[in-house]
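Data block below; observations after.
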Amino acid sequence: MSHPSSVANVGEATVAALRVLVVDDEQSMRDMLRIVLRRDGYVVSVARNGAEAIEILQREPIDLLLSDIRMPDLSGVEVLRTAKETNRDVVAIMMTAFASTDTAVEALRLGANDYFTKPFSMDELRLKVRHHLETRRLRQENVLLKRALGTAHEFCNIIGCSESMLAVFRMVETIARTNSTVLVTGESGTGKDLVARAIHFHSLRRDQPFVALNCGAVPETLLESELFGHVRGAFTGAEANKKGLIEVAERGTVFLDEIGEMNGTMQVKLLRILQDRTFRRLGGTEEVHADIRVVAATNQDLRKLVADGKFREDLFYRINVIPVHLPPLRERREDIPLLAEHFVGKFAAAMGNAVHSITAEAMALLQEYSWPGNVRELENLMERGVALESGSAILPETIAPYVGAARPAVGIAGSLPEAGFDLEQHVKDIERDYIAQALERSDGVQVRAAELLGMSFRSFRYYVKKYNLK
Ligand SMILES: Nc1ncnc2c1ncn2[C@@H]1O[C@H](COP(=O)(O)OP(=O)(O)OP(=O)(O)O)[C@@H](O)[C@H]1O
Ligand SMILES: [Mg+2]
């Protein structure tokens, strides 16, 4: 995988011995420096004059140049110039027999890092050499790290290395700064929520509120007051004025999740907001202006809803100004290992668990599976995997029951209800139930309860906390 390996390279850069070039026309100085610097572990080359130095510079990769300024042929300043031309990153320390500040200044201007006036203490020189090389290493490491991060396949907590996800990252970055309405589409669990947040946090509105409303979760009768607020007496029970989310989000972003669930009346009101950025509070008469950016999301096919007469066509066009589509995980399998490892790291840290990898066989199972629940399903499975594993790696046996490679050890799924159901919630309910049963059977002794479920104490404790059990 490119991310971890490029980071590892950062460390490797320091392993190779560093090369120093000593340039001085004085034999005793050359010998002395060579001996001292060799003892400090550097590979040392020596040149008797400027011409020789330039030859070496063009032949060898020099990390540090230690050059006299006054030499019979070329001046040290010339050597420095060539050194910088061949390698911008070379560290240069100049030496001069006279306290001639103007050449020293000229040397510094040309990019020398330091200069010494002869005679100088060898120890001081050794310290300076080490210091400048260390500074350079840190600087290079920083550049490498930044470069690694640039291709780290992570954008605002969104992870992906597939061409399609990289295109999403680029798109989000480009559109974030505009005020255009965005429609994020994709199956459940593909990361629409994350993308909506990334758009807000990359926009100029990032310091203003990000307000999310799940249109499918709020009862129809409450949606209007929730979104637009109401004035006192608007309906029975409205005892005071209440701000709607649109007002709360003023100058920020409103995220309308599951927009396909909005009923006809609300669609008209939303259209109005998008057209002229004004709205009326429920029961109010005043036209209120709203400075908001709207990001909407849906896992439904809005075009089909339009064709079926369930979603207003004019609203669809108002919302679909900039479409961002998140492909299902099965269509970007390259992302699976990266995501899986990310989640293992995250949950192992949360559970204080020693699991830190996924065996190749287990990874193969993950890569073959169809992931109907997309990234969310993978995340949940890695959470379970980390909890159940007692060794340091996720084994194929642990995850096989979930990814359809074998029968589950306990219980067989019931038949799928006619109207379908919320599988994820169902699985959570089962999980919570087993944790509670184990606690009860072990009289609240968590170590024993954890044993009953084949998980570590720490993992067990994590679930107890997650489900708020005592
Ligand atoms: N590319 C990704 N990198 C890291 N985590 C991700 C990624 N995509 C999704 N996730 C994680 O998966 C879970 C589901 O993501 P999210 O809530 O954004 O999906 P969604 O598309 O909004 O789903 P739904 O349609 O069910 O609302 C979250 O916990 C999220 O952090
Ligand atoms: Mg969502």
Cα point-scatterer Debye curve for region 293-376, base-10 log of I(q)/I(0) at q = 0.14, 0.19, 0.23, 0.25 Å⁻¹: -0.69, -0.89, -1.09, -1.19
Grab every C-alpha pair in the chain, bin the distances at 20 angstrom width from 0 up to the longest one, and report whole percents. 18, 33, 28, 18, 3
In degrees rounded to 10, the 0-90 angle between helix 50-59 Cα long axis and the longest Cα principal axis of the chain is 40
Please report, largest first and rounded to whole Å, the three semi-axes of the ellipsoid equivalent to region 22-85, where each semi-axis is the square root of five times an eigenvalue of the C-alpha gyration tensor. 18, 14, 8
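Mean projection of the alpha-carbon convex hull of region 144-259 over all orientations, in nm²?
8.7
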Rounded to one decimal in Å, the inverse mean reciprocal Cα-Cα distance for region 269-330, i.e. its Kirkwood radius, is 13.6
With everything on Cα atoms, drop me the angle between helix 122-150 and the longest principal axis of the chain, reported from 0 to 90° to the nearest 10. 30
Could you tell me what a quarter of the Cα convex hull surface of region 354-394 works out to, in nm² with one decimal place? 2.8
Measure of size requested: the Rg and Dmax of region 340-470, with Cα atoms as the atom set and Å as the unit; please supply both. 14.7, 42
Could you list which residues have their amide H under 5 Å from that of Gly244, counting only those 5 or more apart in sequence or on another chain, with H placed in the peptide plane? Gly229, His230
Rounded accessible area of His325 (nearest 10 Å², 1.4 Å probe): 110
What's the magnitude of the charge dipole for the chain around its Cα centre, counting Lys and Arg as +1 and Asp and Glu as -1 at the beta-carbon? Answer in Debye, nearest 20. 700
Mean-position separation - Cα centroids, region 424-461 and region 346-397, in angstrom: 18
Please report, in whole Å³, the volume per residue of the convex hull around the C-alpha atoms of region 228-300. 95
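The values are calculated or read from the model by the stated rules, or taken from the named source; none is laboratory data. Source: prediction; values computed, not measured. Don't worry about glycine lacking a Cβ; one is built from the backbone with ideal geometry, like all the others, and counts go over all protein chains shown. These accessible areas exclude ligands, DNA and RNA; they are computed on the full protein's heavy atoms, side chains included. Shrake-Rupley method; radii C 1.70, N 1.55, O 1.52, S 1.80 Å.
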